[in-house]
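The values are calculated or read from the model by the stated rules, or taken from the named source; none is laboratory data. The model shown is predicted, which means the values in this text are computed figures rather than measured ones. No Cβ is skipped: glycine too gets one built from the backbone with ideal geometry, and neighbour counts run over all protein chains shown. These area figures cover heavy atoms from the full protein model, side chains too; ligands, DNA and RNA do not enter into them. Shrake-Rupley method; radii C 1.70, N 1.55, O 1.52, S 1.80 Å.
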Amino acid sequence: MKEFFPEIQDRIPYEGADSKNPLAFKYYEPNRMVGQKSMEDHLRFSVAYWHTFKATGVDPFGAATFDRPWNRGTTPMEQAENTLRAAFEFFQKLGVPYYCFHDRDLAPEVETFAESCKNLESMVEKAKQLQEDTGIKLLWGTANLFGHPRYSHGAATNPDAHVFAYAAAQVKHAIAATMELGGANYVFWGGREGYETLFNTDMKREHEQLARFFHMAVDYAKQIGFDGQFLIEPKPKEPTKHQYDFDAATVLGFLGAYDLLDHFKLNIEANHATLAGHSFEHDLTLASMNGKLGSIDANVGDTLLGWDTDQFPTDPAMCAKAMLIVLAQGGLGKGGLNFDAKPRRGSFDPIDLFYAHISGMDAFARGLLAAQQIMDDGLLDKFIEERYASYSGSIGKQIMSGEATFESLEGSIMEKGEPSLESGRQEMLESIFMSYF
Ligand code: XLS
Ligand code: CA
Ligand code: CA
C-alpha cells in the first residue's frame, strides 16, 4: 500500500534527553512509570484530524501552501479515503493512542444532507476497521457547525429555526458516528454561537435556544445508549466578536442556569483561555475545582498576536503547570491531551507534522515529569496549606462551618485587634518551581 510519510520508516523512537535528533523523543517514553501510571496513560495524546490532515495553510493574505498528497485524489470521497489512510499511518508512526475529528473532516459534505450522511457512514465504517487493525482509538468526535454558509449566523443560536433543525440533524449523526467508533467523549465547541451586534440579536432567546439544543443532545445520547462524556469547549471570541461559551466560569454558570450541569464537563484549550484574558492554568483550575475538567486541547497562542494561532506547545514550564492540575485531580479520566494545533504556514512539508507533534509531546512529557516531582516533594502544596492554616483555627472553623456571624466576628476583632501580615512569597515560590527544570 502507498505510504504517505516514506521518510519515516518506523515508529518514532525514544532516544533520551541528550539526543539532538528532531525525529526522536527526548522525554516521551510511553511505558515509563510516573507515579502510579505510565506516561502514555497520564498524557493520553491525541492528533486533531482537521489541522493535521485537512488544513491547507491558506490565510487572509494568501493561498494554500501545505503539501498534503492525500488531499489530491480525484473525487472528494477518494480524498477522504486517502486522508484516512495517511492519518492512521501518521498515528502509528508517531505512536499516539488517540485522534479527534469533526464529521466534515472525516467525510465530505455534498449536495444533500442525506448524501452527506451516507458519506459519513461509509467513512466511519472504514475508520472502524483501521481502529481495530491498529488499536488506535477515538478520543472525541464533534460536528462542524460553523464552516458552511448556512451557519453564518450560528447553529443552535441561529435566528432561523430551520437552521437550528439542520444543526440538530447533523449533530444526531455526529454523535451516532462517535458512538459507532467507541469515542470516549463528544465535544461541543461554540462555532458561531455568539453575536456581532445587539442591534440584530436577542441574547436571552439565543441562550434559551442553546440550552434546548444541549437538552436534546442529552436526550438523544440517552436514547441510543452513548456513554461517552459530553464536553463543552469554551472560547471567548473568534469567529464571532462575542462567543456565548466565553470561558470556563461562563459555561459553568450557563449549565447551572439551564439545569445541564450533570451532563457536561469542559474541554479546556490553552489558546482559548489566553484569548479570554486568563492563563491556561487559570481555566484548568476553574474547571477542575468544580469537578468539571474533562479534557484538554493542548496548544498555545502567540503573546504578540490577539487571535487563535493554534500553535504547538513547546514550553515545558507551561505544560508542568497544566499537569500539576491534572495530577491533583487524579488524571483526565476519559479525556486526553489533544493537539488542536497546526504548523505555521511556512512549514508546509508533511514531515513538519512530525517535528511539530514530537516537540509538543516532549514538552508535555517533560512537564509531566516536573509536575510529578513537584507534587512528590510537596513544597508548593505545603506553602498553600500553611497559608490558609488559620481556617483550621477557631475563628476560621467558625467562619466556614456557618457558626460565625458579622456580630460574633466583630466581637472577636474587638478582642484581637489588627491581624499580623504575612508575605505571599511569590518570588520564592517561582524560584522553587524553576528549580525543577
Ligand atoms: C476552534 C476550536 C475547534 C474545536 C472543535 O477554535 O478549537 O477546533 O476544538 O470544534
Ligand atoms: Ca479546540
Ligand atoms: Ca483554537
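What number comes out for the charge environment of Asp160, summing +1 per Lys or Arg and -1 per Asp or Glu over other residues with Cβ under 15 Å away?
+1
Under a Cβ-only charge scheme (Lys and Arg +1, Asp and Glu -1), can you give me the dipole magnitude of the chain about the Cα centre, in debye to the nearest 20?
The dipole of the chain has a size of about 660 debye.
Counting Lys and Arg as +1 and Asp and Glu as -1, what is the net charge of the other residues whose Cβ lies under 12 Å from the Cβ of Leu43?
Overall, the nearby charge balance is 0.
At 7 Å along the Cα-to-beta-carbon direction for both Asp227 and Glu427, put a label point, then send me their distance in nm to one decimal.
5.5 nm
Could you tell me which of Thr303, Val326, Phe348 has its Cα farthest along the dipole of region 292-432 towards the positive end, charges placed at Cβ (Lys, Arg +1; Asp, Glu -1), taken about the Cα centre?
Phe348
So if we plug the beta-carbon distance of Lys416 and Leu379 into 1/(1 + (r/R0)^6) with R0 = 30 Å, what FRET efficiency do we get, rounded to 0.05?
0.45
At 0.36 nm per residue, and after removing the present C-alpha to C-alpha distance, how many nm does the segment from Asp67 to Ala17 gain when stretched out fully?
Stretched fully, the Asp67-Ala17 segment lengthens by 14.9 nm.
Treating the beta-carbon of each Lys and Arg as +1 and of each Asp and Glu as -1, no other charges, what is the dipole magnitude of region 1-41 about its Cα centre, to the nearest 20 debye?
Computed charge dipole of region 1-41: roughly 80 debye.
Please list the non-local residues whose amide H lies under 5 Å from the amide H of Glu233, H modeled 1.01 Å from N, same-chain partners needing a gap of 5 or more.
Phe188, Trp189, Gly190, Asn267
In the structure displayed, which of Lys235/Lys292; Lys137/Lys334; Lys172/Lys334; Lys54/Lys342 lie more than 19 Å apart, Cα to Cα?
Going by Cα-Cα distance, Lys172/Lys334 fall outside the 19 Å limit.
Please give the contour-minus-distance gain from Ser122 to Asn31: 0.36 nm per residue of separation, less the Cα-Cα distance, rounded to one decimal in nm.
Extra length from Ser122 to Asn31 when fully extended: 29.3 nm.
Taking loop as defined by DSSP and a crowding limit of 15 other beta carbons within 10 Å, which chymotrypsin sites (Phe, Trp or Tyr not before Pro) in region 42-133 fit?
Here the chymotrypsin sites (Phe, Trp or Tyr not before Pro) that fit, given the DSSP loop and packing criteria, are Phe61.
Name the chymotrypsin sites (Phe, Trp or Tyr not before Pro) in region 357-420 that are in a loop by DSSP and that have at most 10 other C-beta atoms within 10 Å, would you?
In loop regions of region 357-420 (DSSP not H, G, I, E or B), the sparsely surrounded chymotrypsin sites (Phe, Trp or Tyr not before Pro) are Tyr388.
Let's test this: bin the Cα-Cα distances of region 19-150 at 10 Å from zero up to the farthest pair and state each bin's percent.
Over region 19-150, the share of Cα pairs per 10 Å bin runs 11, 36, 32, 16, 5, 0 percent.
What's the FRET efficiency of His207 with Ala328 using the Cβ-Cβ distance as r and R₀ = 30 Å, to the nearest 0.05?
Efficiency, rounded to the nearest 0.05: 0.40.
May I ask you to derive the relative contact order of region 226-282, considering only C-alpha pairs under 8 Å and at least 6 residues apart, and to give it as an integer percent?
In percent, rounded to a whole number, it is 41.
Enter the accessible area per residue of the chain (Å², integer; probe 1.4 Å; all protein chains in place).
Per residue, the chain has 49 Å² of solvent-accessible surface.
Roughly how many debye, to the nearest 20, is the charge dipole of region 55-174 about its Cα centre, given +1 on each Lys and Arg Cβ, -1 on each Asp and Glu Cβ, and no other charges?
Charge dipole, region 55-174, about its Cα centre: 200 debye, nearest 20.
Would you work out what percent of the accessible area of the chain, with all protein chains in place, is carbon or sulfur (probe 1.4 Å)?
Exposed carbon and sulfur together represent 54 percent of the surface.
Step by step: find N for the chain, compute 2.2 N^0.38 Å, then divide the Cα radius of gyration by it. What's the final number?
Compactness ratio reported: 1.07.
Quick one: what are the phi-derived ³J(HN,Hα) couplings along region 324-333, Karplus 6.51/-1.76/1.60 with θ = phi - 60°, whole Hz, x for glycine and proline?
Result, ordered by residue: 4, 5, 5, 5, 4, 8, x, x, 9, x Hz.
Convert each backbone phi in region 147-160 into a coupling constant with the Karplus relation 6.51 cos²θ - 1.76 cosθ + 1.60 (shift: θ = phi - 60°), then list the ³J(HN,Hα) values in order as whole Hz, x for Gly and Pro.
With the stated coefficients, region 147-160 comes to x, 5, x, 4, 9, 3, 9, x, 10, 5, 9, 5, x, 9 Hz.
Tell me which residues come under 5 Å, amide H to amide H, from Phe45 once H is placed; ignore anything under 5 positions away on its chain.
Result for Phe45 returns Leu337.
Would you mind calculating the gained length between Ser392 and Thr303 on full extension (0.36 nm times residue separation, minus the Cα-Cα distance), in nm to one decimal?
That works out to 28.0 nm of additional length.
Just to be sure I follow the definition: excluding the sites themselves, where is the longest run in the chain that has none of the GluC sites (Glu not before Pro) in a DSSP loop with at most 11 other Cβ atoms within 10 Å?
My reading of the result: 112-402 is the longest stretch.
Assuming R0 = 51 Å, can you tell me the calculated FRET efficiency for the pair Ser401 and Thr75, based on Cβ-Cβ distance, to the nearest 0.05?
0.15
Could you tell me how far the Cα centroid of region 92-153 sits from the Cα centroid of region 209-280, in Å?
21 Å
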